[in-house]
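Novice: Structure below; questions to follow.
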Amino acid sequence: YIQCRACHELKAGAPNKVGPNLHGIMGQKAAQVAGFAYSPALRAANLTWDRATFDRWLERPSAVVPGNAMAFAGVANPKDRAALITYIEIEAAAAK
């Protein structure tokens, strides 16, 4: 998560940065964080953030939603993506 934290927060009430706060993101529709200016491509994508969607997104965001504004090449290693998704699930859980 070290490379993600420059742009994203995980804790409730933390501000959006270059990217939206990811608190409570699992199971939510994409482009729904209040106060964040999403790209038109992501707003129109009709994604729900679950493990499978996050895995595809973290592998290569531009392949999932062409034209999105996230400047991130992706994480090639499937084990690294799985670990990152688990970390986000735990740390960004809505119950925290």
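The values are calculated or read from the model by the stated rules, or taken from the named source; none is laboratory data. This is a predicted model, so every value here is computed, not measured. Ideal geometry is used to build each Cβ from the backbone, glycine not excepted, and the neighbour counts take in all protein chains shown. Heads up: the accessible areas ignore ligands, DNA and RNA and are worked out on the full protein's heavy atoms, side chains in. Shrake-Rupley method; radii C 1.70, N 1.55, O 1.52, S 1.80 Å.
Novice: If 29, 79 are ordered by their accessible area, calculated over protein heavy atoms with a 1.4 Å probe, which sequence runs from highest to lowest?
Specialist: 79, 29
Novice: Where only protein heavy atoms count, and the probe is 1.4 Å, what is the accessible area per residue for the chain in Å²?
Specialist: 59 Å²
Novice: Rounded, prolate or oblate, given the Cα gyration tensor of the stretch 16-96, with a/c below 1.5 counting as rounded?
Specialist: oblate
Novice: Would you mind telling me the share, in percent, of accessible area of the chain contributed by carbon and sulfur at probe 1.4 angstrom?
Specialist: Carbon with sulfur: 57 percent of the solvent-accessible area.
Novice: Now, a different point. Across the chain, how many lysine pairs separated by 8 or more positions, or lying on different chains, have Cα atoms within less than 23 Å?
Specialist: For the chain, the number of qualifying lysine pairs is 5.
Novice: A follow-up question, please. Can you give the net charge of the other residues whose Cβ lies under 11 Å from the Cβ of residue 9, counting K and R as +1 and D and E as -1?
Specialist: Combined, the nearby Lys, Arg, Asp and Glu give +2.
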